[in-house]
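The structure appears below as structure tokens.
The values are calculated or read from the model by the stated rules, or taken from the named source; none is laboratory data. Quantities reported herein were computed from a predicted structural model and do not represent experimental measurements. Positions of Cβ are generated from backbone atoms using ideal geometry, with glycine treated the same way; all protein chains shown enter the neighbour counts.
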Amino acid sequence: MVIIADGGSTKTNWCLIDDAGTRIYFNTEGYNPDFVGTDAILASLRQSLPDTLVQEQITEVHYYGAGISSAKKAEIVAAAMRQVFTQAKVFVDHDLLAAARALLGLNTGFAAILGTGTNSCIYNGKDVKLSVDSLGYFLGDEGSGSFIGKRLLRDYLRDLLPDGLQDAFRETYGLNRDEILDRLYNQALPNRFLASFAKFAYDHNNVSYCREIVLNGFETFFQNLVLHYPNYQDYSFNCVGSVGYNFRDALAQVAKSHGMEVGKIIRSPIDDLVDYHTILTK
């Protein structure tokens, strides 16, 4: 039996393919090695994996995850996986490769992730050929949930949210300045905390301020990342991730303004990623 997993910073989508070819899906939290270590990943897996999953029967694990930027980062995740799936060959790679394989299959093209964080690449039908570094939520991740959330929080703390949004934000989250800064500077997973506020922009998408910060986020994503790929207009724009999917109309508007036709925009790559691996085994 084979497991394929796509792990973001917030959530991991898993698919077990049994010997009859049946697909069984389940979820756990995300395991970004920029923020969590092997012991924390192992503890979460032991608590979160389905009780019905017979771990000793798994022969292969293909895990694609956010933050897998080097062999050292990959080993943080792989070490936990090997302790759980003791009879399996464990393969760990970047979630950007998962996105490209899900969006483009065996074809060349442009692929992006717009979720908790941001990433993008040119894909050659097998591997990532070129990627402009997104630099993470401190320096970059333009257009992501954390980028949108950072703008919302900054304006909220400065009492700059318009059109009744200041009161709506306060009523929705009930957070004061000290609580927000403590979550950002003293507690784990600040990127996930920031990204959680993107839902507020989605829930209030009828307010011009929310539409504008989303459009601005996507425009900044294009200016700082997409436009730096050689001949980017030769490719269609393909994207996975909750932010890209939920705000796909705004994303398409910005892509077209830069001369890129819009291709495939999906919330999660897991189904198409499983299809990719199924094709490879035939």
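Figures for the structure shown
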item: Matching residues, the range 233-282, being in a loop (DSSP other than H, G, I, E, B) and out of contact with any Ser or Thr (no Cβ under 9 Å at 6 or more places or on another chain); result: Ser236, Phe247, His258, Gly259, Pro269, Lys282
item: Condition broken by Gln87, with the remaining ones in (1) on the phi < 0 side of the Ramachandran plot; (2) under 19 Å from the mean Cα position of the chain (by Cα) satisfied; result: (2)
item: Unmet requirement for Tyr245, which otherwise passes all of (1) surrounded by 21 or more Cβ atoms within 10 Å (Cβ to Cβ); (2) under 15 Å from Asn205 (Cα atoms); result: (1)
item: Tally, over the range 56-92, of residues that are surrounded by fewer than 18 Cβ atoms within 10 Å (Cβ to Cβ), farther than 16 Å from Gly37 by Cα and out of contact with any His (no Cβ under 7 Å at 6 or more places or on another chain); result: 7
item: Unique match (being touching a Leu at 6+ places or on another chain (Cβ under 8 Å) and either acidic (Asp, Glu) or at pLDDT 90 or above (or both)) among Ala43, Ala111; result: Ala111
item: Residues located in the range 120-179, provided they are among the basic types (Lys, Arg) and either under 21 Å from the mean Cα position of the chain (by Cα) or more than 18 Å from Asp203 (Cβ to Cβ) (or both); result: Lys126, Lys129, Lys150, Arg151, Arg154, Arg158, Arg177
item: Residues located in the range 40-53, provided they are in contact (Cβ under 8 Å) with a residue 24 or more places away in the chain and either closer than 26 Å to Thr278 by Cα or among the charged types (D, E, K, R) (or both); result: Leu45, Arg46, Leu49, Pro50, Leu53
item: Residue in the range 220-232 that is crowded, with 16+ Cβ neighbours inside 10 Å, at pLDDT below 95 and part of a loop (DSSP other than H, G, I, E, B) present; result: no
item: Which numbered condition Ala100 fails, given (1) out of contact with any Cys (no Cβ under 7 Å at 6 or more places or on another chain); (2) under 15 Å from Gly241 (Cα atoms); result: (1)
item: Cross-chain or 6+ apart pairs with Cβ under 9 Å, the range 168-181 first and within 15 Å of Ser196 (Cα to Cα), then outside any helix (DSSP H, G or I) and aliphatic (A, V, I, L, M); result: Phe169/Leu161; Phe169/Leu175
item: Residue ranges of helices (runs of 4 or more DSSP H) in the range 111-188 with at least 3 members among the hydroxyl-bearing types (Ser, Thr, Tyr) and surrounded by 15 or more Cβ atoms within 10 Å (Cβ to Cβ); result: none
